[in-house]
Structures are given as C-alpha cells and as structure tokens.
Amino acid sequence: MDGEIPKASQLYKGDINAAVTAVQKATGIEITPEWWGANVGNDGTPEQILDKFDKAYAEFVASKSTR
C-alpha cells in the first residue's frame with residue numbers, strides 16, 4: 001500500500017465500526033473478527049480502542065507490504 005494509513009481515531013464520529021471500516025476501505029486491507037479480538041479487543045474507552053486499532057493495524061498493513 002502506498003501512502004499514509006488513515007487513522008480511525010481521527011475519523012471517529014461516534015461509531016467505532018464506521019471509522020474502522022473507512023480505514024479498511026481506504027487501504028484495501030481487511031481485518032477479521034479474530035484479528036480484532038487478538039489485536040484490539042473491546043476493553044477501554046472508544047478513544048483507547050481506536051488508538052490500539054491504529055497502532056495494530058499499521059503493523060498489520062506493514063506486514064502485508066513486506067510479503
């Protein structure tokens with residue numbers, strides 16, 4: 001993937017799923033529910049959850065780019 005990965009935490013407008021979906025659509029790289037459970041989870045405030053997602057997703061995309 002070329003370019004910067006959008007941040008779900010910056011796209012968040014009250015709906016975590018919408019922000020996470022927008023990031024996936026922008027990159028073309030989808031996650032699974034299993035990935036979410038293993039890397040992000042649902043514990044914490046929306047902001048904390050989105051910060052965890054942004055960090056884990058950036059690492060996930062980088063791992064896909066090196067293959």
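The values are calculated or read from the model by the stated rules, or taken from the named source; none is laboratory data. Quick caveat, the model's predicted, so the values are computed rather than measured. Backbone-built Cβ (ideal geometry, glycine too); neighbour counts: all protein chains shown. Each accessible area value is taken on the protein alone, full model and side chains, heavy atoms only, with ligands, DNA and RNA left out. Shrake-Rupley method; radii C 1.70, N 1.55, O 1.52, S 1.80 Å.
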Got a sec? Which of ASP54, ASP43 is touching a Lys or Arg at 6+ places or on another chain (Cβ under 7 Å) and either outside any loop (DSSP other than H, G, I, E, B) or not hydrophobic (A, V, I, L, M, F, W, C) (or both)? ASP54
Of the residues in region 34-64, those that are in contact (Cβ under 8 Å) with a residue 40 or more places away in the chain and under 9 Å from the mean Cα position of the chain (by Cα) come to LEU50, ASP51, PHE53, ASP54, TYR57, ALA58
Of all residues being under 15 Å from PRO6 (Cα atoms) and not aliphatic (A, V, I, L, M) in region 17-46, which is most open to solvent (accessible area, probe 1.4 Å)? Just the residue, please. LYS25
Within region 1-16, which residues are open to solvent by less than 60 Å² (accessible area, probe 1.4 Å) and either under 15 Å from ALA62 (Cα atoms) or modelled with pLDDT under 95 (or both)? ILE5, PRO6
Taking into account only those residues within region 1-40 that are assigned to a helix (DSSP H, G or I) and among the hydroxyl-bearing types (Ser, Thr, Tyr), which is nearest to SER65 (Cα to Cα)? THR27
Search region 28-48 for residues being in contact with a helix residue (DSSP H, G or I) (Cβ under 6 Å, 6 or more places away or on another chain) and of a type in the set (Val, Ile, Thr), and hand back the single one that is farthest from SER9 (Cα to Cα). ILE29
Quick one: which residue in LYS25, LYS13, LYS7, LYS64 is of a type in the set (Lys, Arg) and touching an Asp or Glu at 6+ places or on another chain (Cβ under 9 Å)? LYS7
